[in-house]
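S.K.: Here's a structure for you.
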Amino acid sequence: MYQFFVEDEQVQQDRICIVGGDVNHIGHVLRMKTGEKIRISDQSGRSYFCRILEITEEEVWAQIEDTDEMGTEFSHKVYLFQGLPKSDKMELIIQKTVELGVYTVIPVAMKNCVVKLDEKKAQSKCKRWQAIAESAAKQSKRTVIPQIQMLLSWKQALEEAKELDVVLVPYENERGMEATREIFRSIPEGVMIGPEGGFSPEEIAQLDKDMHRISLGRRILRTETAGMATLSMLIYELDI
């Protein structure tokens, strides 16, 4: 069953109107027909099981048949602070962490980041990354589309992370999984991942008291693997 997202005002009493790019996708790419079932989520986090009533060039109308009371979201929001990686690795990170349930992805310019983005390039990248997040949210039947924030400096990321109760910082120099398991049970809200070169000693020294350095095991993980591994462990430990 395909997933689509709409604004709250597109949901009427017993039917939903889909507009925009999804109309062409439904009619000409997926070649869907009237009578087929789809799942639709609105901005408020409500999801509906629907049946297509009508497909035109401008709109798709769907009849609401049931609501998804369970939903697919975690019981609380998880923010991923991701050190900016090289090439197209950020696209992979966004795609997979959205599938795993992340609420917001925040790119961070850290000392060991190889890639440097000016404001214009950062805006262009962010637009591209947001489209990838939406596509991954549809594929994984998310109830919401995770937001991709604009690139932050390390100082800005630290200030934003301080607003969260518990932040996990996987760090290659940390040892011992028992402490990691204990911290995972405290229901973390943030995950902070370093770039290819890892966190600098200065960055680690600047971590707040609620930002816990953890180990992800005896092996060194790539930056594009570390966030996915951490989210997977959170799902296993907390079923969040």
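S.K.: Against the conditions (1) β-branched (V, I, T); (2) within 30 Å of T225 (Cβ to Cβ); (3) part of a loop (DSSP other than H, G, I, E, B), where does V108 fall short? Just the number, please.
M.R.: Among (1) β-branched (V, I, T); (2) within 30 Å of T225 (Cβ to Cβ); (3) part of a loop (DSSP other than H, G, I, E, B), the lone unmet condition for V108 is (3).
S.K.: If you don't mind, another one. Between a first residue in segment 151-180 that is within 30 Å of D118 (Cα to Cα) and a second residue that is hydroxyl-bearing (S, T, Y) and loosely packed, with under 14 Cβ neighbours inside 10 Å, which pairs have beta carbons less than 9 Å apart while being 6 or more apart in sequence or on different chains?
M.R.: No pair meets every condition.
S.K.: A follow-up question, please. In segment 73-91, which residue that is modelled with pLDDT under 95 and of a type in the set (G, A, S) is nearest to P195 (Cα to Cα)?
M.R.: That would be S87.
S.K.: Return yes or no: is T97 open to solvent by 30 Å² or more (accessible area, probe 1.4 Å) and among the hydroxyl-bearing types (S, T, Y)? Show your work before the answer.
M.R.: Values: open to solvent by 30 Å² or more (accessible area, probe 1.4 Å): no; among the hydroxyl-bearing types (S, T, Y): yes.
When the stated conditions are applied, T97 does not pass them.
S.K.: What are the residues in segment 182-238 that are of a type in the set (S, T, Y) and out of contact with any Ser or Thr (no Cβ under 7 Å at 6 or more places or on another chain), if any? Spell out the reasoning first.
M.R.: If we filter segment 182-238 for residues that are of a type in the set (S, T, Y), which is where we start, we get 186, 200, 215, 223, 225, 230, 232, 236.
Result: S186, S200, T223, T225, T230, S232, Y236.
S.K.: Sticking with this one: Which residue is farthest from L92 (Cα to Cα), if the candidates are limited to segment 110-124 and must be surrounded by 15 or more Cβ atoms within 10 Å (Cβ to Cβ) and touching a Lys or Arg at 6+ places or on another chain (Cβ under 7 Å)?
M.R.: If we take residues in segment 110-124 being surrounded by 15 or more Cβ atoms within 10 Å (Cβ to Cβ) and touching a Lys or Arg at 6+ places or on another chain (Cβ under 7 Å), then L117 is farthest from L92 (Cα to Cα).
S.K.: Among the residues of segment 91-105, how many are in a helix (DSSP H, G or I) and out of contact with any strand residue (DSSP E or B) (no Cβ under 7 Å at 6 or more places or on another chain)? Outline the logic, then answer.
M.R.: Filtering segment 91-105 down to residues in a helix (DSSP H, G or I) leaves 91-100.
Filter again for out of contact with any strand residue (DSSP E or B) (no Cβ under 7 Å at 6 or more places or on another chain), leaving 91-92, 95-96, 98-100.
Final tally of qualifying residues: 7.
Yes/no matrix, rows are residues, columns are (1) basic (K, R); (2) modelled with pLDDT under 90; (3) touching a Lys or Arg at 6+ places or on another chain (Cβ under 8 Å):
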residue	(1), (2), (3)
Q147	no, no, no
K155	yes, no, no
S186	no, yes, no
E189	no, no, yes
M192	no, no, no
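S.K.: Can you name every residue in segment 9-28 that is over 25 Å from the mean Cα position of the chain (by Cα), touching a residue at least 40 places away in the same chain (Cβ under 8 Å) and surrounded by 13 or more Cβ atoms within 10 Å (Cβ to Cβ)?
M.R.: Answer for segment 9-28, where residues must be over 25 Å from the mean Cα position of the chain (by Cα), touching a residue at least 40 places away in the same chain (Cβ under 8 Å) and surrounded by 13 or more Cβ atoms within 10 Å (Cβ to Cβ): R15, I16, C17.
S.K.: To continue, here is another question. Considering only segment 29-71, how many residues are open to solvent by less than 60 Å² (accessible area, probe 1.4 Å) and either outside any loop (DSSP other than H, G, I, E, B) or of a type outside the set (A, V, I, L, M) (or both)?
M.R.: Residues of segment 29-71 that are open to solvent by less than 60 Å² (accessible area, probe 1.4 Å), as a first pass: 30, 32, 35, 38-42, 45, 47-48, 50, 52, 55-56, 60-64, 67-68, 71.
Among the residues that remain, those that are also either outside any loop (DSSP other than H, G, I, E, B) or of a type outside the set (A, V, I, L, M) (or both) are: 35, 38-42, 45, 47-48, 50, 52, 55-56, 60-64, 67-68, 71.
Final tally of qualifying residues: 21.
The values are calculated or read from the model by the stated rules, or taken from the named source; none is laboratory data. The structure displayed is predicted, hence computed values, not measured ones. With ideal geometry, Cβ positions are generated from the backbone for all residues, glycine too; neighbour counts draw on all protein chains shown. Heads up: the accessible areas ignore ligands, DNA and RNA and are worked out on the full protein's heavy atoms, side chains in. Shrake-Rupley method; radii C 1.70, N 1.55, O 1.52, S 1.80 Å.
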